[in-house]
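Each remark here refers to the structure printed beneath this line.
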Amino acid sequence: MERVYVIPLRDVKKVPRTIRSPRAIRYIKTFLEKHMKSDDIKLDSSVNEKIWERGIQKIPPRIKVKATKEEDGSVSVTLAE
């Protein structure tokens, strides 16, 4: 199963500036756990680089990802074009 999601990150901007990027990564994982119904989420390095592109304080307002669920239940996440 393959799906494309636009994940809003505006709620993450309410946390202190020094923990925004790590919190955004955790938020993306919990969003995909809820929507793809799997506990095994593997983020690609392109997603990590997009979040950390402008540093720890300035995260993007939203991110578009492509999530692919394998037969064993694991979900691999890449940056959507």
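Towards the positive end of the charge dipole of the chain, with charges on Cβ (+1 Lys, Arg; -1 Asp, Glu), say which of MET36, ALA24, LEU79 has the farthest Cα.
The Cα lying farthest towards the positive end belongs to ALA24.
Would you work out the charge dipole size for the chain about its Cα centre, treating the Cβ of every Lys and Arg as +1 and the Cβ of every Asp and Glu as -1, and quote it to the nearest 20 debye? Could you put the intermediate results ahead of the total?
Values: 19 positive and 12 negative charges, 158 e Å.
Charge dipole, the chain, about its Cα centre: 760 debye, nearest 20.
What is the antiparallel percent of DSSP beta bridges lying wholly in the chain, to the nearest 5? Intermediate results must be reported in sequence, preceding the final value.
Numbers: 12 of 15 bridges.
DSSP beta bridges in the chain are roughly 80 percent antiparallel.
What is the log10 of I(q)/I(0) for the chain, computed with the Debye formula using one identical point scatterer on each Cα and no solvent, at q = 0.16, 0.23 Å⁻¹?
Normalising to I(0) and taking log10 leaves -0.55, -1.05.
³J(HN,Hα) across the stretch 8-16 via Karplus (A = 6.51, B = -1.76, C = 1.60, θ = phi - 60°), whole Hz, x for Gly/Pro?
3J(HN,Hα) across the stretch 8-16, in whole Hz: x, 10, 5, 5, 6, 5, 7, 8, x.
Since every read-out is calculated from the coordinates, none of them should be taken as a lab result. Computed from a prediction, not measured in an experiment: that's the story for all the values here. Methodologically, a virtual Cβ is constructed for each residue, glycine included, from the backbone with ideal geometry; neighbour enumeration extends over all protein chains shown.
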